[in-house]
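Readers should treat all values here as calculations from the given coordinates under stated rules, not as data from a laboratory. Just so it is clear, the model here is predicted, and its values are computed rather than measured. Cβ atoms come from the backbone with ideal geometry, glycine included; neighbour counts cover every protein chain shown.
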Ligand code: KG4
Ligand code: ZN
């Protein structure tokens with residue numbers, strides 16, 4: 001069957017068609033199209049998403065984006081992001097999807113945006129194995145989630161203030177590096193010294209799996225105030241040190257959760273998972289989990305050292321970059337794995353800007 005997926009929760013108008021299972025009978029799920037109309041140029045001058053302009057741009061783009069994604073295909077199911085997100089943005093995608101489902105008499109399914117990010121890890125094989133630990137890092141959310149089965153998702157902790165992506169965006173503004181902040185900071189950081197500044201690694205001494213990034217933002221702000229006029233070199237060093245601090249915090253919490261919940265797979269998702277340093281350093285940390293299995297030969301180490309055992313492998317997963325940031329293919333992938341009992345009709349679908357996982 002063909003699934004038409006629609007995503008408009010923030011500043012990308014996106015549509016995708018997923019074939020499930022593909023014609024020819026293989027057991028896979030295939031992404032046939034993945035169209036994304038980015039609003040970066042519209043929001044750039046404001047240094048962040050301007051909600052009113054975002055809704056207008058969604059309204060202008062939704063029909064051409066869906067038409068391009070469908071490319072003549074008649075879908076069997078409509079999947080749409082129902083939240084969380086900016087309400088004016090969500091409503092464009094949701095109302096379009098409802099109208100389409102009504103007019104064409106199609107079943108429809110509402111998908112949580114974070115669940116979509118999680119399923120971006122099903123775009124490529126091998127797929128994550130359960131139990132799987134997910135670090136969701138985007139502009140609107142940062143949290144750790146344990147997935148024990150397709151419909152069994154347990155949030156372990158989340159940010160108590162800013163999301164990691166939001167911190168990237170704010171620091172980028174502060175340094176005058178532009179919007180969106182993630183790619184701008186990571187580019188500047190390439191030529192900076194990640195050890196130049198020692199910013200605080202908040203919450204890493206706590207046993208829970210919550211995050212906090214607002215203190216880091218203040219620390220960077222105070223440092224820049226102290227320095228006065230910033231040279232290009234200063235900016236690069238601050239960007240690199242800030243990025244390394246965020247990466248350290250994210251790895252610290254993820255690896256600690258891994259030791260407690262002993263997953264078969266560790267997965268990254270969300271816009272910040274496009275970050276090269278995070279991808280590479282997290283992969284190394286997961287690999288050294290495997291290496292630590294050797295310690296089990298030493299009986300004097302604590303029980304945590306006994307996992308993972310030599311015959312166990314913890315796999316590391318991260319979506320292709322184009323599926324790290326917002327897209328509709330991830331929404332279609334999530335829908336492809338949902339039970340048919342969740343299919344409904346248009347009148348039962350509503351946008352909810354504060355939807356929880
Ligand atoms: O998942 P996403 O597209 O939208 C939300 O659901 O929020 O994430 C967007 C966030 C932005 O804050 C952006 O700065 C960040 O992801 N981001 C990055 C990178 N690319 C995008 N952060 C760090 N490094 C990147 N390369
Ligand atoms: Zn997102």
(message) Just to verify a number: FRET efficiency for residue 313 and residue 227, C-beta to C-beta distance, R0 = 30 Å, to 0.05?
(response) 0.05
(request) Pull up the DSSP beta bridges for the chain and report the antiparallel fraction as a percent, rounded to 5. (result) 60 percent
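State, as an integer percentage, the relative contact order of the chain based on alpha-carbon contacts under 8 Å between residues 6 or more apart. Spell out each step's value before the answer.
Numbers: 789 pairs, mean separation 87.1, N = 357.
This gives 24 percent for the chain.
Once R0 is set to 25 Å, what does the formula 1/(1 + (r/R0)^6) return for the Cβ-Cβ distance between residue 76 and residue 40, expressed as a FRET efficiency to the nearest 0.05? All intermediate terms of the calculation are to be shown ahead of the outcome.
On the way: r = 33 Å, r/R0 = 1.32.
Using R0 = 25 Å, I get an efficiency of 0.15.
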(message) If I build a Gaussian network model for the chain, linking alpha-carbon pairs within less than 10 angstrom, which residue out of 101, 23, 14 has the largest mean-square fluctuation?
(response) 23
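D for the stretch 132-186, whole µm²/s, Stokes-Einstein with Kirkwood Rh over alpha-carbon pairs at 4 °C and 1.567 mPa s: what number?
Numbers: Rh = 12.2 Å.
Rounded to a whole number, D works out at 106 µm²/s.
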(request) Under 14 Å from a label point 7 Å along Cα→Cβ of residue 264: give me every residue in the stretch 115-144 with its amide N that close. (result) 126-133
(message) Among 264, 340, 61, which one shows the highest mean-square fluctuation when the chain is modelled as a Gaussian network with alpha-carbon springs under 10 Å?
(response) 340
(message) Students often check this: by mean Cβ neighbours within 10 Å, which of 322-335, 139-152 ranks highest, and how do the rest follow?
(response) 322-335, 139-152
(request) Beyond 27 Å, what share of the Cα-Cα pairs of the stretch 128-318 is found? Please give it as a whole percent. (result) 31 percent
(request) Hey, could you grab the Kirkwood Rh for the stretch 154-202? Inverse mean 1/r over distinct alpha carbon pairs, Å, one decimal. (result) 12.2 Å
(request) Please give, to one decimal in nm, the separation of the simple spin-label points placed at residue 321 and residue 27, each 7 Å out from Cα toward the Cβ. (result) 3.3 nm
(request) Multiply the residue gap between residue 281 and residue 60 by 0.36 nm, knock off their C-alpha separation, and tell me the result in nm, one decimal place. (result) 75.6 nm
(request) Within 10 Å, count the other beta carbons around each residue, average over each peptide in 170-181, 106-117, and list them highest first. (result) 106-117, 170-181
(request) Please identify, among 242, 199, 102, the residue showing maximal mean-square fluctuation in a Gaussian network model of the chain using a 10 angstrom Cα cutoff. (result) 102
(message) Per 0.36 nm of contour for each residue apart, how much would the distance between residue 341 and residue 208 grow if the chain were fully extended, relative to their Cα-Cα spacing?
(response) 44.4 nm
(request) Give me the Debye-computed log₁₀ of I(q)/I(0) at q = 0.14, 0.27 Å⁻¹ for the stretch 59-142, equal point scatterers on Cα only, no solvent, two decimals. (result) -0.62, -1.34
(message) Taking just the alpha carbons, could you work out the radius of gyration and Dmax for the chain, both in angstroms?
(response) 21.0, 68
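Considering only DSSP beta bridges where both residues belong to the stretch 128-318, give the percentage that are antiparallel (nearest 5).
Numbers: 12 of 21 bridges.
So the antiparallel bridges amount to about 55 percent of the total.
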